[in-house]
C-alpha cells in the first residue's frame, strides 16, 4: 500500500507516531491535527493523510520538551500552513520552495523594487581575454531586471527536472510572496515519502521569540548540522530546540536511508544493463556497503558479465561478485 494515498484512523496515527489516543484526540479538538476526512463533531469518523501523521510525529517529539499547549498550537499552525500550501501536489515537492522564491521576486518587481539578475546571460560565451578576478567580476556582475520574463528565466531558465516552467510559475502565483519558509517546511514534511531516497538527512533548529513567533533554521547531514545552516551561528541564534526531522519521519514509516536507496537504484541499473546484453540476472546490494553488489546469473560465465560491466563503465570501486555456481 502506498502510504501517500492512504488515510489513517486516529488509532493508526497513534501506532505510527507513537502517541496515545487521549493526546491525539485532544490535539484534534485543539486544531493541532487536521483530518483529511470527517469533521470535528462527536461521532465523526476522522481520517488523516500521511502529512498529518508526520506532523503528529514531529509534535510528539516537541512535546517531550514540556511546552505548553499554546506554544505547541502556534508551531502546529505553522506546520498546518505548510501542509495546506502543498496539498494540491501540483508540482514536485522540491519545487515548492523555488516557486515561493519566484513569487517573492515577482512581487518585488510589481511593487517597483529593483530585482537584480545577472548582467550577462548564461548563454553568453565566456570572454577569452578575461581571467582570474576580472572573469569573476564579469561573471558576478548584476543589473536590474526589466521584465518579469527575465526574472522567471533567471530563477527557472536552467531547470528541466520534474516540472514544466509554466507549472512552477502558476504555483508561484497561487502561493504569493514571502512564504519561502513555509514552502521549505512543506517540502521536508513530504519529500521522504513522495520522492524516497533523494534527500539528505535534514533537521530544524527551532527558536521561540518573545513575540511568540517561531524562528527556524534548516540544515542537513545530522552531526554536521551547525556547519550547514544558512542563518546565524548557534551562539547568535540563542536557545533552541534541535529536531532531526528526517530521522523522525523515516522512523515512522520504516524508510531506508538515502544511501540504501542509492544502492538499490544501482542494483537495478546493473540488472537493466545486463538485461540489455541478454543476461538475465538478479542483482542485489550486499549487506555491507563496501561489499558492493551481488549478481545471481545461473549458467553465465563470469567473463561475459565482466565484459558487459566494463563496457557500461561501472565504477571500478564497486565490488561485484557472481554468485552463480
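The values are calculated or read from the model by the stated rules, or taken from the named source; none is laboratory data. Quick caveat: nothing in here was measured; it's all calculated off a predicted structure. All Cβ positions, even for glycine, are placed from backbone atoms using ideal geometry, and neighbour counts span all protein chains on display.
Taking the listed residues 57, 83, the one that is closer than 19 Å to residue 195 by Cα and surrounded by 13 or more Cβ atoms within 10 Å (Cβ to Cβ) is 83, with no other qualifying.
Scanning the range 185-211 for residues that are within 20 Å of residue 4 (Cβ to Cβ) and in contact with a strand residue (DSSP E or B) (Cβ under 6 Å, 6 or more places away or on another chain) turns up 188, 202. If you go through the range 238-254 and keep only what is crowded, with 16+ Cβ neighbours inside 10 Å and assigned to a loop (DSSP other than H, G, I, E, B), you end up with just 244. Highlighted here are the helices (runs of 4 or more DSSP H) found entirely within the range 127-222 that include at least 3 residues which are over 16 Å from residue 98 (Cα atoms) and without any contact (Cβ under 8 Å) to a residue 60 or more places away in the chain: 132-140.
Take the range 258-289 and flag every residue that is touching a residue at least 24 places away in the same chain (Cβ under 8 Å) and closer than 18 Å to residue 198 by Cα. Within the range 258-289, 258, 259, 260, 261, 262, 263, 264, 265, 266, 267, 285, 289 qualify.
Using the structure shown, decide if residue 146 is loosely packed, with under 15 Cβ neighbours inside 10 Å, at pLDDT 95 or above and at negative phi. Break it down into steps so the answer makes sense when it comes.
Details: loosely packed, with under 15 Cβ neighbours inside 10 Å: yes; at pLDDT 95 or above: yes; at negative phi: yes.
Criteria met by residue 146.
Of the set (1) part of a loop (DSSP other than H, G, I, E, B); (2) surrounded by 11 or more Cβ atoms within 10 Å (Cβ to Cβ); (3) without any contact (Cβ under 8 Å) to a residue 40 or more places away in the chain, all apply to residue 1 but (2).
Where residues in the range 86-115 are without any contact (Cβ under 8 Å) to a residue 60 or more places away in the chain and closer than 30 Å to residue 30 by Cα, which of them is surrounded by the most Cβ atoms within 10 Å (Cβ to Cβ)?
Selected residue: 87.
For the range 267-278, a residue qualifies if it is within 16 Å of residue 289 (Cα to Cα) and either touching a helix residue (DSSP H, G or I) at 6+ places or on another chain (Cβ under 9 Å) or surrounded by fewer than 17 Cβ atoms within 10 Å (Cβ to Cβ) (or both), and the qualifying residues are 268, 270.
Considering only the range 35-52, I want to know if a residue exists there that is surrounded by 17 or more Cβ atoms within 10 Å (Cβ to Cβ), within 30 Å of residue 178 (Cα to Cα), without any contact (Cβ under 8 Å) to a residue 24 or more places away in the chain and in contact with a strand residue (DSSP E or B) (Cβ under 9 Å, 6 or more places away or on another chain). Among the residues of the range 35-52, at least one is surrounded by 17 or more Cβ atoms within 10 Å (Cβ to Cβ), within 30 Å of residue 178 (Cα to Cα), without any contact (Cβ under 8 Å) to a residue 24 or more places away in the chain and in contact with a strand residue (DSSP E or B) (Cβ under 9 Å, 6 or more places away or on another chain), which makes the answer yes.
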